[in-house]
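Okay, structure first, notes after.
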Amino acid sequence: MDREMMNQHVGKTIRVDRGGPESRIGKLLAVYEDYFVLLTETDGVVYYKTNHIRSVTESSKDILNFGLKVPEKLDYKTADNFHKLLESIRFQWVKINRGGSESLEGVLSDANKHYASLIVKDEVVRFSMKHIRNISYGLMVEKPKNDDSGNSNEDEANDNNQKNDENEE
């Protein structure tokens, strides 16, 4: 994806790719040389390499569902390019690629222009840089809590049953 085109979507809710394990809906936070930053509900902040993106969708009727309020000062990592970004999150717990057979979680121990090294249990796995589609390192935004009475549907059903029993007596 072209950096100039992606910059037009900063601050908007978009869908990255049309489907599959890498597809996500989120708020586009920033665009850099070869990656962009997307805040998602389920995965938190995800860094997508632009050369792996097949499509970006913005709803003309603003109907893409995004249930998070972005904090004014969301503190996420930034760098000029993807390689420098990986260097800045060394020794963090990361998830490389969102889904499918090439998804991997572990501690990022090293990164250079050819591969990223992850410590996964008792193994060191070297992941080719050209096959990394996206990465996240655990930064999440909490959903706002609903103001309800704390009763679950089950509690309400039990209350209703108890009232019915009292009325029958």
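Here are a few things to note about the model shown:
- Per the conditions (1) outside any loop (DSSP other than H, G, I, E, B); (2) at pLDDT below 95; (3) crowded, with 16+ Cβ neighbours inside 10 Å; (4) in contact with a Lys or Arg (Cβ under 9 Å, 6 or more places away or on another chain), the sole criterion not satisfied by Leu68 is (1).
- Of the residues Tyr76, Tyr32, Tyr47, the single one that is open to solvent by less than 10 Å² (accessible area, probe 1.4 Å), among the hydroxyl-bearing types (Ser, Thr, Tyr) and touching a residue at least 24 places away in the same chain (Cβ under 8 Å) is Tyr47.
- Consider region 46-65 and keep the residues that are in contact with an Asp or Glu (Cβ under 9 Å, 6 or more places away or on another chain), assigned to a loop (DSSP other than H, G, I, E, B) and not basic (Lys, Arg). The one that is modelled with the lowest pLDDT is Leu64.
- Test: residue in region 14-25 that is modelled with pLDDT of 90 or more, over 27 Å from Phe127 (Cα atoms) and open to solvent by less than 30 Å² (accessible area, probe 1.4 Å): yes
- Those residues of region 12-45 which are part of a strand (DSSP E or B) and either within 17 Å of Met129 (Cβ to Cβ) or among the aromatic types (Phe, Trp, Tyr) (or both), in sequence order: Tyr35, Phe36
- Counting the residues of region 66-95 that are out of contact with any Phe, Trp or Tyr (no Cβ under 6 Å at 6 or more places or on another chain), among the β-branched types (Val, Ile, Thr) and closer than 20 Å to Lys49 by Cβ gives 1.
- Filtered by the rule that a residue be in a loop (DSSP other than H, G, I, E, B) and either in contact with a Leu (Cβ under 8 Å, 6 or more places away or on another chain) or surrounded by fewer than 14 Cβ atoms within 10 Å (Cβ to Cβ) (or both), region 82-98 gives Ile89, Arg90, Phe91, Gln92, Asn97.
- Within region 1-11, tally of residues that are surrounded by 17 or more Cβ atoms within 10 Å (Cβ to Cβ) and either in a loop (DSSP other than H, G, I, E, B) or under 12 Å from the mean Cα position of the chain (by Cα) (or both): 2
- Looking across Lys84, Lys12, Lys27, Lys69, one residue alone is of a type outside the set (A, V, I, L, M) and within 24 Å of His114 (Cβ to Cβ). It is Lys84.
- For region 109-123, filtering for residues that are open to solvent by 70 Å² or more (accessible area, probe 1.4 Å), touching a strand residue (DSSP E or B) at 6+ places or on another chain (Cβ under 9 Å) and of a type in the set (Asp, Glu) leaves 1.
The values are calculated or read from the model by the stated rules, or taken from the named source; none is laboratory data. Everything quoted here is computed from the prediction, not taken from an experiment. All Cβ positions, glycine included, derive from the backbone under ideal geometry; neighbour counts span all protein chains shown. Accessible surface areas use protein heavy atoms only, side chains included; no ligands, DNA or RNA. Shrake-Rupley method; radii C 1.70, N 1.55, O 1.52, S 1.80 Å.
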